[in-house]
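One structure is given below, encoded as structure tokens.
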Amino acid sequence: MTPSSFAPLRAEVRAFLEEQRAAGTFVPAVDSWLAGWDEEFSRTLGERGWLGMTIPTEHGGHGRTYLERFVVTEELLCAGAPVAAHWIADRQIAPSLLRFGTPAQREEFLPAIARGTSYWAIGMSEPDSGSDLASVRTRATRIDGGWRLSGTKVWTSGAHRAHAFFVLARSASLDPAHRHEGLTQFLVRLDAPGVQVNPIHSFDGSHHFNEVVLDGVEVSDADVLGEVGQGWRQVTSELKFERSGPERFLSTFAGLAGLTANGLPVRASAAGVGRHAARLAALHHLSYDVATRLQANQPAELLAAMVKGIGTRSEGDIAEDLAEWAVDELDAEVDRLATDGLSRRAGFTLRGGTNEVLRGIVAKGLGA
Amino acid sequence: MEISNAGLDVDPDFSSMLDRLFADLAPRTWSDREPAGLDRDAWRQVDELGLTLLTTPEDCGGSGARWPEMWTLHRSAARHGVALPVGEHDLLGRWLADKLGWTAGDDVVSVGVARCGGAVDVPWGADVDTVLLVEVHGDGAAVSRHASADLTWSTDGRLPTSRRARTHVPGIAKRLQVAPDDVAELRLRGALLRSVQIVGALERCVDLAVEHAAVRVQFGRPLLAFQAVQGMLADAASETALASAAVAAAIREADAFQDLRAARTSVAVAKSCSSHAVGPVTRAAHQVLGAIGTTREHDLHRFSMPAFGWRGEFGTGADWDAELGASVDATGLPAVWHRIVDGLPA
Ligand SMILES: Cc1cc2nc3c(=O)[nH]c(=O)nc-3n(C[C@H](O)[C@H](O)[C@H](O)COP(=O)(O)OP(=O)(O)OC[C@H]3O[C@@H](n4cnc5c(N)ncnc54)[C@H](O)[C@@H]3O)c2cc1C
């Protein structure tokens, strides 16, 4: 498959996005995969067959390749379209359910994810467990026919609107010599009794993530994801999907496109703009390379960590330049793209594993 | 670093043959005496394998290979630090000579593009047999052909390991006109060659740094155990992988379109990213190597210094950035971006 063989699919997505934009369905935004929540838009994408693309048809998906999904998501991100509602479900919940889910879990969720009607969040981080994820303290205690969950998750993006989330919890007491053992993933419905979602406001006033308190939430054995005690292995396998995609370098693309839509801003040099364009292009190629490996079941962890490390830094560098170029720009829309980019910038290099931790992963891959 | 060919169709046997050949041959091409000269024995050995005219069409006496083979050859040569003007000869000198109908026989040929005033830097200028000097003017360019021995060369101010030499275009010389398209193609060929070579050299810089960090012990631990060192190596490897992905994409397009000018956006991206990677990657590698890396005895400079030289040739990173920026100015980012991701000719 050469990149040019996807040109017709790209053209189809572009035409659709152009139409939607012209109809006023959305206004291009930066960071739209985290903050652009629009359930109707997600359903429309589902109708088009652009969600759950890699889910096999017998599970309600479209049986298409990672590369096709890559192409479609890249187009959506470049347009700054509101894709947050389904993003996590489509990107990482679906592949995890396919790999580790029971037939009942797949049947319940995969067709709805492909339709764009099932929204998910990720319950990994906790107040005292950030980079050191294996230290999570949310407890899963055995009860008759299931588990009782108690603890607090934090920074849970979209939990105030999502239907369910994957919770990583400690299901056996901590053995300091084997910290990665004894962890289990659970499917938890966010409207279950004992779940309380408290908003956390970002400094720009936006509300995208939350604190989620689990106060003795009871889940059944049918809600265990994969194997009890295998949570760490499962979570790390999720990460290669989470880390390498085009959202790790395109979060500010709509801003760069917006600020240069009518020629370069007077404060920008051609070389300054071109350098960002060149770097984004290279990131596209590298990330596409990872998607090719995922498709072929080849190891991709090292490259995925590289894409995220340098990609998130680049999208942040763009945000910084946009803010500088936007000085003296009078168009409010352009201003908004630039200020949103700068406000969100700090999160780029944190979410999904901070860049310092990623560097360690890359160095280990090199030295091994 | 793991060698990724990013989906390029490269014959693994060709690749491993080159690695064996160059590992053995490279040290012979390193001469620390001045003037270094061209190792004619090494040249003959490479020539007999059909590698000095790898991409030259068969009807012009070459091997008629394509861009993926070119990528394999020059990346491998640069990874091993082979100091021979193979790229200058095959991709630039003979290409231009053949275009102009000049027969070059067994001469080793290099090309220099003059700046205004007539000063011209020629890679390997003093060491090859024939030199083509290109003078760009408003609409196209004039090319003159010279025996290297007939020109006066200065090697003042060149980087360590560099074989570029400076001369002046003689006032009186027979000149042939070349079309603007050919001048543009010459620059693209040079830029793509240098991008490939930079990738090979930077990969070796990272390898040398990682190998050193694994065995050098300080404070009772190998350097690789220190997080600050890990960070430098990870960043260097990531920048190198990024450049490699960009260059491989340009190679793929050049091969698919059979016309380098149709791939010019991707060549711009490749030269930009490879050139911008040189500073950070070599800085990290030299930092990790410590004092030993600053010596003639250690090989690191045989990779870091050429990379700096190549960075400045056939358009700097900033030059190509400015061209891309001008396209964004003229057509908007989406149009430029679509050309890149669609993989369709310009
Ligand atoms: C916008 C956004 C959305 C998010 N969404 C979610 C979500 O939906 N679900 C979820 O579970 N989590 C989410 N997160 C949380 C994210 O995964 C964490 O922020 C991240 O793992 C880092 O944890 P921390 O913030 O506690 O920082 P800490 O772990 O406290 O680290 C702070 C800093 O210390 C340094 N540091 C820490 N450890 C090391 C080390 N070993 N070596 C070197 N330096 C180190 C790094 O510089 C790091 O940036 C989100 C975060 C953001 C910003």
Output field shielding_mean for A:265-273 (other chain Cβ, 10 Å radius) holds 5
Report the accessible surface area buried between chains B and A, summing both sides, using a 1.4 Å probe on protein heavy atoms only, in Å² rounded to the nearest 100.
3500 Å²
Taking max minus min of the Cα coordinates of the stretch A:3-118 on each principal axis, largest first, gives extents in Å of 42, 31, 21
How would A:175, B:207, B:59 rank on accessible area, largest to smallest, probe 1.4 Å?
B:59, A:175, B:207
Net charge of Cβ neighbours under 9 Å - reference residue A:138; Lys, Arg +1; Asp, Glu -1
+3
Select from B:190, B:151, B:343 the residue farthest towards the positive end of the dipole of chain B; place +1 on Cβ of Lys and Arg, -1 on Cβ of Asp and Glu, and compute about the Cα centre.
B:151
Once all protein chains are kept in place, residue A:66 shows an accessible area at probe 1.4 Å, nearest 10 Å², of 60 Å²
How would B:292, A:88 rank on accessible area, largest to smallest, probe 1.4 Å?
B:292, A:88
On alpha carbon coordinates alone, what is the Rg over Rh value for chain B, Rh being the Kirkwood radius?
0.97
Under the √(5λ) rule applied to the eigenvalues of the Cα gyration tensor, what semi-axes describe the equivalent ellipsoid of the stretch A:238-367? Give them in Å, descending.
30, 14, 12
Rounded to whole Å and sorted largest first, list the principal axis extents of the Cα atoms in the stretch B:12-89.
37, 26, 17
Just to confirm my numbers, what's the Cα centroid distance between the stretch A:210-234 and the stretch A:50-72 in Å?
26 Å
Using unit Cβ charges (K, R positive; D, E negative) and no other charged atoms, how large, in debye to the nearest 20, is the dipole of the protein assembly as shown about its Cα centre?
1040 debye
Report, in cubic angstrom per residue, the convex hull volume of the C-alpha atoms of the protein assembly as shown.
165 Å³
Take every residue in peptide B:325-332, count the Cβ atoms of other chains within 10 Å of its Cβ, and give the average of those counts.
6
Based on the mean of other Cβ atoms within 10 Å per residue, sort peptides B:17-24, A:179-186, B:319-326 so the most packed one is first.
B:319-326, A:179-186, B:17-24
For the stretch B:219-313, report the translational diffusion coefficient in µm²/s to the nearest whole number, using Stokes-Einstein at 10 °C, 1.306 mPa s, and a Kirkwood Rh over Cα pairs.
106 µm²/s
Which whole number gives the average, over all residues in A:305-311, of C-beta atoms from other chains lying within 10 Å of the residue C-beta?
4
Tell me the label-point distance for the pair residue B:259, residue A:324, using the 7 Å Cα-to-Cβ offset, in nm and rounded to one decimal.
3.9 nm
Distance between modelled label sites at residue B:176 and residue B:60, nm, 7 Å Cα→Cβ extension:
1.0 nm
Would you mind checking B:174/B:271; B:99/B:174; A:153/A:364; A:308/A:364 for any pair whose Cα atoms are more than 27 angstrom apart?
B:174/B:271; A:153/A:364
Per 10 Å bin, what percent of the C-alpha pairs of chain A does each bin hold, from zero upward?
5, 24, 34, 25, 10, 2, 0
Among B:274, B:232, B:96 the positive-end extreme of the charge dipole of chain B (Cβ point charges):
B:232
Take the alpha carbon atoms of the stretch A:302-325, find their center, do the same for the stretch B:242-297, and report the distance between the two centers in whole angstrom.
19 Å
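The values are calculated or read from the model by the stated rules, or taken from the named source; none is laboratory data. Since the model is a prediction, treat every value here as computed from it, not as a measurement. A quick note on method: Cβ atoms are made from the backbone with ideal geometry, for glycine too, and the neighbour counts reach across all protein chains shown. Side chains are part of the model used for accessible areas, which takes the heavy atoms of the whole protein and leaves out ligands, DNA and RNA. Shrake-Rupley method; radii C 1.70, N 1.55, O 1.52, S 1.80 Å.
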